[in-house]
Every structure is written in structure tokens, then in C-alpha cells.
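S.K.: Handing you this structure, nothing more for now.
The values are calculated or read from the model by the stated rules, or taken from the named source; none is laboratory data. Predicted model only: the values in this text are computed from it and were never measured. Neighbour counts are summed over all protein chains in view; Cβ atoms, including those assigned to glycine, are modelled from backbone coordinates with ideal geometry. The protein model used for the area step is the full one, side chains on, heavy atoms only, and it has no ligands, DNA or RNA in it. Shrake-Rupley method; radii C 1.70, N 1.55, O 1.52, S 1.80 Å.
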Amino acid sequence: MKRNILIVGGGFAGLWTALGAARVVDQQGAAASDVEITLVSPQPALHVRPRLHEAHPEQMAVPFQPLLDAVGVKFIEGMVERIHPGDRSVDIVMAACGEKSVNYDRLVLTSGSRLFRPPLPGLAEHAFAVDQIDEAVKLRQHLEGLVSKPDTAARNTFVVVGGGFTGLEVATELPDRLRVVFGDAMCPRIVVVERADAIGPDLGPGPRPQILEALEHLGIETRVGGGVVSFDANGVVTGTGERIDASTVIWTGGMVASALTAQIGPQVDRQGRLEVTGDLRVLGAKDIFGAGDVVRALTDGEGHYSLMSCQHALFMGRFAGHNVAADLLGLPTLEYRQPFYATCLDLGAWGAVYTEGWDREVKLTHAAGKERKLLINTQWIYPPAPERAQALAAGDPNISYA
């Protein structure tokens, strides 16, 4: 009888979980010949969400079916609607049609996160986003369509709501994107609105001078100390009472974990993430592991916890994959640790700022930072080639880019 490992989600955490689990199964040979690994995802493609602020978001889906085939991982195209931890099964709405129930011996939840959308007046109706490929494509089409609109101050004004990582990357990319559409026929007004008292609040003071320098260089305005409180077809109103007329408003208001976490356990943090043990097993659910944006995991001995980023998702996936297969086969699991932490913030034509450590010590800026950002975004976070030995090696939890 087959023993089944089921991975829910095909993002960074899910794909690298599959590689990590397949690596252990391959190493164990005949002892693991009855182990079957299956990944469930709405599409057989990795959506490279860190790049959806760029000009061609429709190109940010990387097919992974050949990679799964190379390492012997099965694929179900569908979306998990319900998890039943009591009888170790999930209900899947199939992409083609119908529903099916799938049993598991071990499950890894890697269903990721979604953009936080509070019930602010007009937000759903009037704001664009870059959380998913279809949303980013809709924004691209809107930007391209502006060229046929009357030349007004509102048409030429762009409000980015949220001055965090995503908001800054969206805002600083806009000048070049608009130049492609309009040439020199438009002088855009770009305004970043951040409810905290400083731009990049979660990035801390380390890279802030470089961020502010880049914004000034690109002519981008900022509003801090009051977020947007309402949206309409013609613009926004901020918490300070300021009215900004704009035909384009982009919401980047943070992330929350997949709603599937609530079906597994009640112990979640304010972002909806599950608490896990050192080996990424969900507390109170002995047959379920987690990785990526759905869990809050300790990364080191200094009390730092994982963030909702592909950097942590990818590495956690390797550990989760290793551990779920090891646990099923009666082997020791590994404690997840990822002491090296870095950030690289794209700042458009100014360049990028690259930092290391949780205090975010600036290491590279301008063109050198941009070079590092391109390396990360076009190589480090992309799946390996669909060649078995290379793919299995990519699932090794001991890999480090430090």
C-alpha cells in the first residue's frame, strides 16, 4: 500500500518542499519505494510574485511540470477547498471540473498568502494591485490605456498606497514604465502614501537614507502619518484629510496567510500564520508540516522569525520537504535554521539597495545593488533545470547563499 505525502500549494515553498521530499525518498531507495509525493496547485506553474511590479507581469509564470516529472512528484491541477486533519484527507476543486477527495499520510501546507484588503470605502472597486499575475496585467493594460485619455492632472497622477517593500518597488518602477507608454509627453506625479510615520517602516532605519535619496531622485512625493481612508473613481482621501485626485491608485497594503490555516489549528498570529515546532510541524497537528507564508517559524537562535518572503519560503520548503519525508520513513528530522538574512529593494532607475542582517546593514547601492537584485530575481529564486540530479540537489536543506 502506498504512503502519501501531499503538498498543498505550488509557490516557492511548495515547489521546494517537493524537491526536498523527493531528495529524501531518492536517498532511501527501496526503503521508500512505496512513498508517493503529490503536489496540488491551481496551475502547474510558479508565479514569480516578487517581479509583478515590472512591466511584463504576464511573463512571470514558470512551468514546473517537467521539474516534478524529473523527480517523480505527481501533480493535481486544482485548489484545496477543505482540509480534514481528523481523517487525513483534503477536498479539491479540480481545475477541469468537479471535486475529489484525496487522502494523505503526511501533509505540508504551503498555500501562501494573499493581499490584505480591509473594508475601506471604494478599495475593492477603484484600486489596482500587483498581488497576482492577472491583477498586475490589469494594471499594465490600464497604464497603456491612459495614453488615449484626456491630458489632465488626475490622469497624470499615480497614488501608491503603502510605503513598504512592495509599494516602494511599484512606485519607483512607474517612471520608466510610463516613459515607455508616453515617451516624454507626460510628467507623472507619483505619490506614496504610508500610514506609519516613516517610509519603509518594516525596513527600519538602515536603508532609509538610500530609499529617500532614490525617491527624491525620481521625483516621487511621500505622505506619511496617515493612510488612505477612502477611494473613489477620481482619487483618494488620506487620513490627514488631504484629497488627491488620481486616475490610478495602487493598493499594496500588506499580506495575510492563506485561509486554509484556520482549518488546521486555532493558534495563528495576526497575519493568520500557524505556529510550528523547530522542524516545521504544525503545533497540535502531528501529521501536518508547514512552510512559507502560512507559518511563523524561528529562523535562528537570536529570536528572529520568518517573514512573508520568497527568501524564507524557498529555504523553509527544503526543510519541510526533508522533514515530512524523514518523519514518514521513521528518520530523524532537522531543525529549520536560516541565520543568513538579506534584503534587496529595487528602486527603479536609481538602482537598488542591498542589506544584510536583521539590522539591515547596507552593503550595496545604486548600480551594484541593481546588479545583485537582478541576480536574485532572475537566477537565485528560479527553479532548477528539469534534470533529475540537479533538481534533487536543489532540495538539499543545507544549501546556503550566505
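S.K.: Is it true that some residue in segment 35-46 is closer than 22 Å to ILE376 by Cα and buried (at least 24 other Cβ atoms within 10 Å of the Cβ)?
M.R.: no
S.K.: Any chance you could count how many residues in segment 373-402 are open to solvent by less than 40 Å² (accessible area, probe 1.4 Å) and of a type in the set (Asp, Glu)?
M.R.: Total satisfying the criteria: 1.
S.K.: Also, quick follow-up: Only one of these is within 22 Å of LYS370 (Cβ to Cβ) and open to solvent by 20 Å² or more (accessible area, probe 1.4 Å): GLN141, GLN210. Name it.
M.R.: Residue meeting the stated conditions: GLN210.
S.K.: I've got another one for you. Criterion first (at pLDDT 95 or above and within 30 Å of LEU109 (Cβ to Cβ)) does GLY254 satisfy it?
M.R.: For GLY254, the condition - at pLDDT 95 or above and within 30 Å of LEU109 (Cβ to Cβ) - is not met.
S.K.: Would it be correct to say that GLY292 is outside the structural domain of PRO207 (by the TED database) and at positive phi?
M.R.: So GLY292 passes the test.
S.K.: I would also like to ask the following. Consider segment 144-187. How many of its residues are of a type in the set (Val, Ile, Thr), in a helix (DSSP H, G or I), surrounded by 13 or more Cβ atoms within 10 Å (Cβ to Cβ) and in contact (Cβ under 8 Å) with a residue 40 or more places away in the chain?
M.R.: Total satisfying the criteria: 3.
S.K.: Would you be able to tell me the number of residues in segment 293-348 that are closer than 30 Å to ALA31 by Cα and either at pLDDT below 95 or outside any loop (DSSP other than H, G, I, E, B) (or both)?
M.R.: The qualifying residues number 16.
S.K.: Is it the case that some residue within segment 354-367 is surrounded by fewer than 19 Cβ atoms within 10 Å (Cβ to Cβ), in contact with a helix residue (DSSP H, G or I) (Cβ under 9 Å, 6 or more places away or on another chain) and assigned to a helix (DSSP H, G or I)?
M.R.: Taking every residue of segment 354-367 in turn, at least one turns out to be surrounded by fewer than 19 Cβ atoms within 10 Å (Cβ to Cβ), in contact with a helix residue (DSSP H, G or I) (Cβ under 9 Å, 6 or more places away or on another chain) and assigned to a helix (DSSP H, G or I).
S.K.: Sticking with this structure for a sec: Give all pairs with beta carbons closer than 6 Å in which a residue from segment 105-123 that is over 25 Å from GLY78 (Cβ atoms) and part of a loop (DSSP other than H, G, I, E, B) meets a residue that is among the charged types (D, E, K, R) and open to solvent by 20 Å² or more (accessible area, probe 1.4 Å); count only pairs at least 6 apart in sequence or on separate chains.
M.R.: Cβ pairs passing all conditions: GLY122/ASP232.
S.K.: Provide a single number: the residues in segment 213-237 that are without any contact (Cβ under 8 Å) to a residue 24 or more places away in the chain and open to solvent by less than 60 Å² (accessible area, probe 1.4 Å).
M.R.: 1
S.K.: Continuing with this model, one more query. So if I check each of ALA22, ALA31, which one is touching a residue at least 40 places away in the same chain (Cβ under 8 Å), open to solvent by 30 Å² or more (accessible area, probe 1.4 Å) and of a type in the set (Gly, Ala, Ser)?
M.R.: On inspection, the qualifying residue turns out to be ALA31.
S.K.: What residue, of PHE116, PHE128, PHE158, is under 30 Å from ARG318 (Cβ atoms) and of a type in the set (Phe, Trp, Tyr)?
M.R.: PHE116
S.K.: Considering only residues that are crowded, with 22+ Cβ neighbours inside 10 Å, touching a His at 6+ places or on another chain (Cβ under 8 Å) and of a type outside the set (A, V, I, L, M, F, W, C), which ones fall in segment 289-331?
M.R.: GLY292, SER306
S.K.: Using the structure shown, decide if ILE76 is touching a residue at least 40 places away in the same chain (Cβ under 8 Å) and either open to solvent by 40 Å² or more (accessible area, probe 1.4 Å) or under 23 Å from the mean Cα position of the chain (by Cα) (or both).
M.R.: Considered against the rule, which asks whether it is touching a residue at least 40 places away in the same chain (Cβ under 8 Å) and either open to solvent by 40 Å² or more (accessible area, probe 1.4 Å) or under 23 Å from the mean Cα position of the chain (by Cα) (or both), ILE76 comes out as no.
S.K.: Can you spot a residue in segment 67-80 that is aromatic (Phe, Trp, Tyr) and under 16 Å from ALA385 (Cα atoms)?
M.R.: no
S.K.: Would you mind telling me which numbered condition in (1) more than 30 Å from ALA320 (Cβ to Cβ); (2) out of contact with any helix residue (DSSP H, G or I) (no Cβ under 9 Å at 6 or more places or on another chain); (3) open to solvent by less than 60 Å² (accessible area, probe 1.4 Å); (4) not aliphatic (A, V, I, L, M) CYS97 fails?
M.R.: Failing condition for CYS97: (3).
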